[in-house]
Amino acid sequence: MASWIFFDNDGVLVETEPLYRDATRAVLAEHGLTLSDAEYVEWFMRQNQGLLHVGRTQGWTAETLADMRARRNALYARMLARAPLAIDGVAEMLEALHGRARLAIVTSSRRDHFDIIHGRTGWLRYFDFVLASGDYTASKPDPAPYLAAVARSGADPAACVVIEDSERGLAAAVAAGLRCVIVPSRLTRGSRFEGAWRVLEGVREVVDVAGL
């Protein structure tokens, strides 16, 4: 039985990846650049290179890249404040898991963005702790976020399960020695999830993980 479940946030609990993609597209369009879904998944969700990759190909200065990121992040924050965020079935899943397993969120999100998101969902009451960007030494696909989660929980890694939606998150979990269950998002449904413990059809199936 899983005593701890570590959830990714974006794409697993909330439908925020399309917003982040759209905010990125908006700032790239100012430079006459486009960003396809396939490019977004590869550069942002698989390689974790994002605007850095684009900046290298365009020869941007560090100052230009920093400005692009700042404007993208500000636009994304405004989107988070008004767009629908909740993934269908997540609230029911969290209620069903509450008391059956201890829950935590392990995310690459900036803390300010995360706070906007869950200031709206009201779901943090279900979680024992949250690890966001800045709370660990390196981001996914590095195992550091999940190693930090295991250390924070004090649990045996064999009693922990990770819920992810991306290959980058899967790689981080596997490298940390944890079982990883994949719930593909709209953007990652065509990805390869080699090494996943299980790949589910939807978030409601996560309830079964507590008894595995």
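The values are calculated or read from the model by the stated rules, or taken from the named source; none is laboratory data. Please read all numbers here as calculations on a predicted model, not as lab measurements. Using ideal geometry, Cβ is built from the backbone for each residue, glycine included, and neighbour counts are taken over all protein chains shown.
Identify, by number, the condition in (1) at pLDDT below 95; (2) in a helix (DSSP H, G or I); (3) under 20 Å from the mean Cα position of the chain (by Cα) that D22 doesn't meet.
(1)
Only one of (1) under 16 Å from the mean Cα position of the chain (by Cα); (2) closer than 27 Å to H53 by Cα; (3) surrounded by fewer than 19 Cβ atoms within 10 Å (Cβ to Cβ) fails for R71. Which number is that?
Every listed condition holds for R71 apart from (1).
Examine the range 89-104 for a residue that is within 24 Å of S3 (Cα to Cα), in a loop (DSSP other than H, G, I, E, B) and touching a Ser or Thr at 6+ places or on another chain (Cβ under 9 Å), and state whether such a residue exists.
The answer is no; no qualifying residue exists.
Please verify whether the range 158-172 includes one or more residues that are more than 17 Å from the chain's Cα centre (by Cα) and either closer than 23 Å to E95 by Cα or not assigned by TED's automatic domain parsing to the domain that holds G89 (or both).
Yes, the range 158-172 has at least one match.
Yes or no: the range 68-79 includes at least one residue that is closer than 14 Å to T24 by Cα, of a type in the set (S, T, Y) and without any contact (Cβ under 8 Å) to a residue 60 or more places away in the chain.
Checking the range 68-79: at least one residue is closer than 14 Å to T24 by Cα, of a type in the set (S, T, Y) and without any contact (Cβ under 8 Å) to a residue 60 or more places away in the chain.
Check whether at least one residue in the range 103-117 is surrounded by 15 or more Cβ atoms within 10 Å (Cβ to Cβ), modelled with pLDDT of 90 or more and acidic (D, E), and report yes or no.
yes
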